[in-house]
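Report on the following structure.
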Amino acid sequence: MTIRCAVLGLGRLGYHHAKNIAAHQVSGAQLVSVADPMEGRAEQVARELGLETWTKNPDEVFEDPDVDAVIIVTPTSTHADMIKQAAKHGKPMFVEKPLTQHIEEADEIIQTIKESGVICQVGFMRRFDPAYAEAKRRIDAGDIGKPLYFKGITRDAGSPPAAFIKHSGRMFLDVSIHDYDMARYLMGAEISAVSAHGRVLLHPFMKEFDDVDQAITYVEFDSGAAGDIEASRNSPYGHDIRTEIIGTEGSLFIGTLRNQHVTYLNHKGSHYEIIPDFQTRFHDAYRLELVHFIHCVQHKQTPCVTEADGRRNLQIAIAATESFDSGKKVKIEGGSPG
Ligand SMILES: NC(=O)c1ccc[n+]([C@@H]2O[C@H](COP(=O)([O-])OP(=O)(O)OC[C@H]3O[C@@H](n4cnc5c(N)ncnc54)[C@H](O)[C@@H]3O)[C@@H](O)[C@H]2O)c1
């Protein structure tokens, strides 16, 4: 059965998801509609992708009986409303991270999803990246023994505009949340305490939103392991995503700066192209996470990364933000590793 999908929000990532579906890169999915309130945006994307239906009003998508599932890629501050609408109209949903910005709101959402019986997958796409998946396989097979230390580096080549930062929920929620998810997933343990620091190094406009462009979170796991997670919007050389896991019997290093397996050499030295942005680095993962979502919709299965992971990762990000604001270590109760 083909799942007729609509993409809500056609910015940096929504456009990418829409193109993937329209180009038949997501098996079992058909793009039938797009929505974005920005003047002309939905129409422009619909024309480019050969769609007959577009709208400035997301409500029309939720009410459309020809839409079987929705892909929510709107600004973070709108996720809660979008999720409630999708649940109310019985539409299975894929929603970008973070689930929302507040724990009370996350609890409300989880209850609404439960009552509606629809599935919800949250966009922690690194779980679908082939390199991270291989690392997970090796850890589960015992190849590195007991995981002791997690190091995560996420450096963006630049900052999104102020309009995005304003609705992003600040650095720990917007960026480090990917590494909190990977830390829990790969270490097979819950983060039980965080100490977070950060500073504006390059983008003074962020001060207006109490945000930073460089941050670090020291994390403690309930297994006794530890780790550190760097987030930056200041990388002058490209998009840099690397992870290390140190175990008792071996270690795993995930990620590379190389965009292609080509090294150019001349009398001045050697050069290779560096990954420019997140769309390039995670192209496979963005596609594979939607393949998984569509499979779950078709077969009425629970996705492997749900609103429960969304809530836990949110809880960690909120604790990190609180630690940054207070200058104190913050403990986190409960949870079970995803
Ligand atoms: N998983 C990842 O790696 C990743 C990467 C980037 C962004 N994201 C997430 O995706 C979401 C969108 O981020 P982005 O970078 O694409 O943002 P963006 O600012 O580039 O685009 C957002 C788009 O949504 C539209 N929009 C605003 N309100 C809307 C509404 N009510 N209904 C429909 N559309 C609406 C805007 O007009 C804009 O075109 C955010 O929640 C962000 O955290 C995830």
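Every condition in (1) farther than 30 Å from Ala22 by Cα; (2) of a type outside the set (Asp, Glu); (3) open to solvent by less than 20 Å² (accessible area, probe 1.4 Å) is met by Ser326 except one, and the failing one is (3).
Restricted to the range 30-45, and to residues there that are touching a Ser or Thr at 6+ places or on another chain (Cβ under 7 Å) and among the hydrophobic types (A, V, I, L, M, F, W, C), the residue that is nearest to the ligand (Cβ to nearest atom) is Ala35. Filtering the range 264-276 for residues that are farther than 24 Å from His17 by Cα and hydrophobic (A, V, I, L, M, F, W, C) leaves a non-empty set.
Only residues that are on the phi > 0 side of the Ramachandran plot and touching a helix residue (DSSP H, G or I) at 6+ places or on another chain (Cβ under 6 Å) were counted in the range 128-169, giving 1.
Counting only strands (runs of 3 or more DSSP E) that fall entirely inside the range 184-240 and contain at least 3 residues that are under 18 Å from Ser326 (Cβ atoms), the qualifying elements are 191-199, 214-221. Residue-level analysis places Ile318 outside the set of residues that are touching a residue at least 24 places away in the same chain (Cβ under 8 Å), within 19 Å of Ile241 (Cβ to Cβ) and outside the structural domain of Gly14 (by TED's automatic domain parsing).
Considering every residue within the range 108-116, establish whether at least one is over 23 Å from the mean Cα position of the chain (by Cα), on the phi > 0 side of the Ramachandran plot and surrounded by fewer than 19 Cβ atoms within 10 Å (Cβ to Cβ).
No, the range 108-116 contains no residue that is over 23 Å from the mean Cα position of the chain (by Cα), on the phi > 0 side of the Ramachandran plot and surrounded by fewer than 19 Cβ atoms within 10 Å (Cβ to Cβ).
Is at least one residue of the range 112-120 of a type in the set (Gly, Ala, Ser), more than 23 Å from Gly310 (Cβ to Cβ) and more than 9 Å from the ligand (Cβ to nearest atom)? The answer is no; no qualifying residue exists.
The listed residues are Ser159, Ser176, and the only one of them that is open to solvent by less than 20 Å² (accessible area, probe 1.4 Å) and not hydrophobic (A, V, I, L, M, F, W, C) turns out to be Ser176. Of all residues in the range 163-173, those satisfying the criterion of being within 11 Å of the ligand (Cβ to nearest atom) and either open to solvent by 10 Å² or more (accessible area, probe 1.4 Å) or within 14 Å of the chain's Cα centre (by Cα) (or both) are Ala163, Phe164, Lys166, His167, Ser168, Gly169, Leu173. When Ala18 is tested against (1) surrounded by fewer than 19 Cβ atoms within 10 Å (Cβ to Cβ); (2) free of Cβ contacts under 8 Å to residues at least 60 places away in the same chain, only condition (1) is not met. Scanning the range 235-253 for residues that are open to solvent by less than 30 Å² (accessible area, probe 1.4 Å) and away from the ligand (no atom under 16 Å from the Cβ) returns Ile245, Gly247, Gly250, Leu252. Only one of the numbered conditions (1) among the β-branched types (Val, Ile, Thr); (2) more than 9 Å from the ligand (Cβ to nearest atom); (3) open to solvent by less than 30 Å² (accessible area, probe 1.4 Å) is violated by Thr74, and that is (2). Looking at the range 142-151, is at least one residue open to solvent by less than 20 Å² (accessible area, probe 1.4 Å), out of contact with any Cys (no Cβ under 7 Å at 6 or more places or on another chain) and within 11 Å of the ligand (Cβ to nearest atom)? Looking through the range 142-151, none of the residues is open to solvent by less than 20 Å² (accessible area, probe 1.4 Å), out of contact with any Cys (no Cβ under 7 Å at 6 or more places or on another chain) and within 11 Å of the ligand (Cβ to nearest atom).
From the list Gly9, Gly28, Gly14, Gly40, the lone residue that is in contact with a strand residue (DSSP E or B) (Cβ under 9 Å, 6 or more places away or on another chain) and farther than 20 Å from Phe278 by Cβ is Gly28.
The values are calculated or read from the model by the stated rules, or taken from the named source; none is laboratory data. Here the structure is a predicted model, which is why all the values come from computation and not from measurement. Cβ: placed from backbone, ideal geometry, glycine included. Neighbour counts: every protein chain shown. Keep in mind that these areas ignore ligands, DNA and RNA; they rest on the heavy atoms of the full protein, side chains included. Shrake-Rupley method; radii C 1.70, N 1.55, O 1.52, S 1.80 Å.
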